Amino acid sequence: MSTKPNISLTIVSILALVALIFSGFALSKGSSTNTQAPDSLAKILKTKEMHVCVAEWPPASIKDAKTGKYSGHDIDAYEMIAKEIGATVVYHDTTFGNMPAAIQSGVCDMGTSLFLKISRAAAVDFTRPILYGGDGALVRKGDQRFKSVEDINKAGVKIAVATGESGHIFSKTYLPNATINPIDVEASDLSRFMLEVTSGRADIAIADANTIARFAAEHPETSMLFADKPLDLNPDSFPVRLGDTKLLNFLNNSILSLQVSGEWQKLEKKYNAHWFHENTQYLVR
């Protein structure tokens, strides 16, 4: 029997392998080409509807319990933006915990104010900062144990937080030694988890300082900690879907217009809002 290699068969095999490789590249290229980036702005301009996720957070977003109507400086801003392009706003109740998922799934095109956190930035894109807010803490009146973060970050300390809210993210990151109890809250009742402190089931509650201050004002049996110096400072922005570049640019330009024209400042004044802001000056030279 001859052991001489079959040259023609070898060439055919090589050509078949090369064809298979190139067909794989073609399929890969075709599949990536078919994966289009979201373009919510085009949809909004066509349907004349802006779908906005709302996590109630006075005075940014407030829902009237009787009428269901929304107000607040975020709401007014979205109404002004929609009016400029001849659209109407459709609101969807969410919480801070599930807003990113609702935007990812397409339920909403964008959302009301959300603290920009690294973990959230992996789920949604954020506009330029609109304002800055910090996290505060709530304790029972007379509790003098907590003077610093180090005092909270101890075994045996029970912390109540709202699932997915900025206080939850802060606690997971900086308070690993304490016991953290995340509590699911309804869209219209963010402060409910702080009742864990009044009932004695938690030593301390952590959330954005604005929410803490409002709860403490309504519950004299509690006190707010770190009022003069929040536990952290967070950029607050409008979220959109990852890769929704055209909508992100549109909102950034809209926010810039509202800020430079002074309209945003008027909205905050209207709702007696007090936030941290960058000190920006515009000079004629």
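The values are calculated or read from the model by the stated rules, or taken from the named source; none is laboratory data. Quantities reported herein were computed from a predicted structural model and do not represent experimental measurements. FYI the Cβ positions are ideal-geometry reconstructions off the backbone, even for glycines, and counts take in every protein chain you see. With ligands, DNA and RNA removed, areas are computed over all heavy atoms of the protein, side chains included. Shrake-Rupley method; radii C 1.70, N 1.55, O 1.52, S 1.80 Å.
Numerical summary
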read-out: Full-stretch length increase - Asn252, Thr47 - with 0.36 nm per residue and alpha-carbon distance subtracted; value: 71.7 nm
read-out: Cα-centre dipole for the chain with unit charges at Cβ (Lys and Arg positive, Asp and Glu negative), debye to 20; value: 700
read-out: Accessible heavy-atom area order of Leu247, Leu225, highest first, probe of 1.4 Å; value: Leu225, Leu247
read-out: Residue of Ser40, Ser71, Ser148 that the Gaussian network model of the chain assigns the largest fluctuation, springs spanning Cα pairs under 10 Å; value: Ser148
read-out: Amide H partners (placed H, <5 Å) of Val89, local residues excluded; value: Met50
read-out: Ranked order, Arg241, Arg128, Arg120, Arg201 - accessible area, probe 1.4 Å, largest first; value: Arg201, Arg128, Arg241, Arg120
read-out: Only Lys, Arg (+1) and Asp, Glu (-1) charged, at Cβ; the stretch 68-120 dipole about Cα centre in debye; value: 180
read-out: For the stretch 142-154, 3J(HN,Hα) per residue [Karplus equation, 6.51 cos²θ - 1.76 cosθ + 1.60, θ = phi - 60°, Hz, x = Gly/Pro]; value: x, 6, 10, 6, 10, 9, 7, 4, 4, 5, 7, 7, 9
read-out: Choice from Thr127, Thr95, Thr198 with maximal GNM fluctuation in the chain (Cα, 10 Å cutoff); value: Thr198
read-out: Solvent accessible area, Å² - Trp275, 1.4 Å probe, full protein context; value: 40
read-out: Semi-axis lengths, Å, the stretch 111-155, gyration tensor of Cα atoms, sqrt of 5 times eigenvalues; value: 31, 14, 9
read-out: Area of Glu218 that stays accessible when all protein chains are in place (1.4 Å probe, Å², to 10); value: 130
read-out: The chain - mean residue ellipticity at 222 nm from DSSP helices (-39,500 (n - 2.57) per run, n ≥ 4, rounded to 500); value: -11500 deg cm²/dmol
read-out: Positive dipole terminus of the chain, leading residue within Ser223, Ala202, Phe126 (C-beta point charges); value: Phe126
read-out: Lys246 accessible area, 1.4 Å probe, all protein chains in place, Å² to nearest 10; value: 120
read-out: Paramagnetic reach from Tyr132 (point 7 Å along Cα→Cβ, amide N under 16 Å) across the stretch 221-239; value: 228-237
read-out: Cβ-Cβ FRET estimate between Lys66 and Thr198, R0 fixed at 30 Å, reported to 0.05; value: 0.70
read-out: Surface/4 estimate of mean projected area, convex hull on alpha-carbon atoms of the chain, nm²; value: 27.1
read-out: Order of exposure, largest accessible area first, which applies to Phe126, Phe238, Phe276 with probe 1.4 Å; value: Phe276, Phe126, Phe238
read-out: Whole-Hz ³J(HN,Hα) from phi, Karplus 6.51 cos²θ - 1.76 cosθ + 1.60, for the stretch 84-91, glycine and proline x; value: 5, 10, x, 10, 10, 9, 10, 9
read-out: Within a Gaussian network of the chain (alpha carbon springs, distance under 10 Å), most fluctuating of His274, His168, His73; value: His274
read-out: Kirkwood hydrodynamic radius over Cα pairs of the stretch 156-226, then Stokes diffusion coefficient at 20 °C and 1.002 mPa s, in µm²/s; value: 178
